[in-house]
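The values are calculated or read from the model by the stated rules, or taken from the named source; none is laboratory data. For clarity, every value in this text was computed on a predicted model and none was experimentally measured. Methodologically, a virtual Cβ is constructed for each residue, glycine included, from the backbone with ideal geometry; neighbour enumeration extends over all protein chains shown.
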Amino acid sequence: MAHEMNDDVLNDEQAGDGYEEITSEEVDRVVEQLETLISQTESENIRSCLEEAADRIFALVYGDDADVVSEDASPLGEAA
């Protein structure tokens, strides 16, 4: 099924200009929903896949180098 989704994405990109505008609001909403699903998932394998998906979706707008801060972490990091 995942392979079929990848084919659909490729076909969509080939049909258009290969660029889709994605808003930060949509990314935030989807990542939040994935985090909720992750917290309700017992399987470590499934959680790992969901976490990877959330990271990849987050990177679509915020980039690969963006720091992800969990809800319980301090945004300033640990004091030295």
Practice prompt. Starting from residues that are in a loop (DSSP other than H, G, I, E, B) and modelled with pLDDT of 95 or more, keep the ones in region 24-80 and report whichever is surrounded by the fewest Cβ atoms within 10 Å (Cβ to Cβ).
Written response: Glu42
Practice prompt. For Glu4, indicate whether it is modelled with pLDDT under 95 and not in a helix (DSSP H, G or I).
Written response: no
Discussion item. It is to be established whether one or more residues within region 11-21 are at pLDDT below 55 and surrounded by 11 or more Cβ atoms within 10 Å (Cβ to Cβ).
Written reply: yes
